[in-house]
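Working notes, beginning with the structure itself.
The values are calculated or read from the model by the stated rules, or taken from the named source; none is laboratory data. Being a predicted model, the structure only gives us computed values, none of them experimental. When we count neighbours, we look across all protein chains shown, and the Cβ atoms used for this are built from the backbone with ideal geometry, even at glycine.
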Amino acid sequence: MTLLERTVGDVVDWLTSLPAAVLVVGWLFLALLVAAVARVGVRALVPAGEQDRVPQIAMPLMPTLGAAFAIFAALSLASEASYLRAAEGLVSDEAAAASRLAWAATSPRVRSEPIHAALQDYLKTTRAREWDGELVSSADDPATARAIARLERSVRAEAARPEPGSPASTELLVSLDSVTSGRRARVAAASRDVPTLYVVTLVASGLALIVNAGALIFHSSLRTSLLVVGVASVVGLSLALLFALSAPWSGPFIVSGHPIDAVIGDLRSGFFGGGP
């Protein structure tokens with residue numbers, strides 16, 4: 001990866017971590033600023049004898065630039081919205097797996113207390129250590145590793161006892177595997193980065209559309225020029241929404257951890273028939 005790619009990637013990561021209000025205000029301000037600069041810049045840079053040709057050149061470009069931005073924006077927003085729904089599905093699946101393990105620990109002749117205690121500790125640790133910032137995409141957090149190891153030992157020790165029997169032991173091990181697989185899927189999903197080139201292309205097409213619109217009205221009065229505000233606002237809001245949706249684990253539209261919190265509450269209250 002080149003220095004330019006790393007720099008652009010860092011900027012994209014920083015943008016996706018900003019609050020939604022900051023993204024909206026920032027992108028709207030940038031879009032309106034570009035429109036204003038385009039209007040003034042054409043007057044300053046284009047010779048007076050050629051200024052009458054600017055609308056003739058800019059007008060045919062509007063449908064092409066508008067269509068290009070619309071296609072890129074639609075594909076990007078649909079993709080990121082789908083990824084957000086998939087992230088919510090991963091959390092629900094992880095919570096469901098934890099619930100199955102908690103119920104499996106209530107089978108006859110299974111000592112549920114150590115498993116429920118270890119499971120509650122594991123869920124609380126993952127929520128505290130893997131749900132924001134850099135740790136969400138890291139599998140190397142020591143506290144989480146210790147919680148996983150404790151849960152693995154508790155479940156496997158109980159499954160190895162002859163008293164529960166083969167069906168109960170198998171259910172415990174399968175449920176444990178579902179819990180750890182759910183976490184691995186979440187960590188893998190959280191390590192996903194927004195395609196840098198795709199974002200750069202979308203931003204460039206949006207800004208080009210605004211510049212072209214600003215060039216069309218450089219001869220118009222200030223009141224007439226306000227018509228470009230609509231184009232600039234749509235572009236700015238679309239870019240703000242894209243960056244808001246692109247980080248469901250640490251951005252403004254963070255995926256809810258309520259399903260896992262509900263399992264933690266059930267374990268704490270003894271809902272699973274013998275909490276810690």
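Quick look at the numbers
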read-out	value
THR106 being over 30 Å from ILE254 (Cα atoms), loosely packed, with under 15 Cβ neighbours inside 10 Å, in contact with a helix residue (DSSP H, G or I) (Cβ under 6 Å, 6 or more places away or on another chain) and not small (Gly, Ala, Ser)	yes
Matching residues, segment 221-271, being hydroxyl-bearing (Ser, Thr, Tyr), in contact with a Gly (Cβ under 9 Å, 6 or more places away or on another chain) and buried (at least 18 other Cβ atoms within 10 Å of the Cβ)	SER225, SER238, SER250
Of residues in segment 1-27 being over 15 Å from the mean Cα position of the chain (by Cα) and not in a helix (DSSP H, G or I), the one modelled with the lowest pLDDT	MET1
Residues located in segment 224-266, provided they are of a type in the set (A, V, I, L, M, F, W, C) and not in a helix (DSSP H, G or I)	LEU226, LEU227, ALA247, TRP249, PHE253, ILE254, VAL255
Lone unmet requirement of (1) in contact with an Asp or Glu (Cβ under 9 Å, 6 or more places away or on another chain); (2) modelled with pLDDT under 85 for ASP52	(1)
Residue tally, condition in contact with a Pro (Cβ under 9 Å, 6 or more places away or on another chain) and surrounded by fewer than 19 Cβ atoms within 10 Å (Cβ to Cβ), over segment 112-128	3
Among the candidates ALA98, ALA68, residue that is closer than 19 Å to SER181 by Cβ and among the small types (Gly, Ala, Ser)	ALA98
Residue identified as within 26 Å of ALA262 (Cβ to Cβ) and in a loop (DSSP other than H, G, I, E, B) among SER107, SER82	SER107
Exclusive hit being in contact with a Leu (Cβ under 7 Å, 6 or more places away or on another chain) and either free of Cβ contacts under 8 Å to residues at least 12 places away in the same chain or assigned to a helix (DSSP H, G or I) (or both), set LEU61, LEU90, LEU30, LEU77	LEU77
SER17 vs. criteria more than 24 Å from ILE210 (Cβ to Cβ) and not assigned by TED's automatic domain parsing to the domain that holds LEU176	yes
Of residues in segment 160-207 being of a type in the set (Asp, Glu) and more than 30 Å from VAL231 (Cβ to Cβ), the one nearest to the chain's Cα centre (by Cα)	ASP177
Residues of segment 40-65 satisfying the condition of being closer than 28 Å to VAL12 by Cα and crowded, with 17+ Cβ neighbours inside 10 Å	LEU65
Neighbours by Cβ (under 6 Å, 6+ apart or cross-chain): first from segment 243-264, in contact (Cβ under 8 Å) with a residue 40 or more places away in the chain and of a type in the set (Val, Ile, Thr); second buried (at least 17 other Cβ atoms within 10 Å of the Cβ) and not in a helix (DSSP H, G or I)	VAL255/PRO248
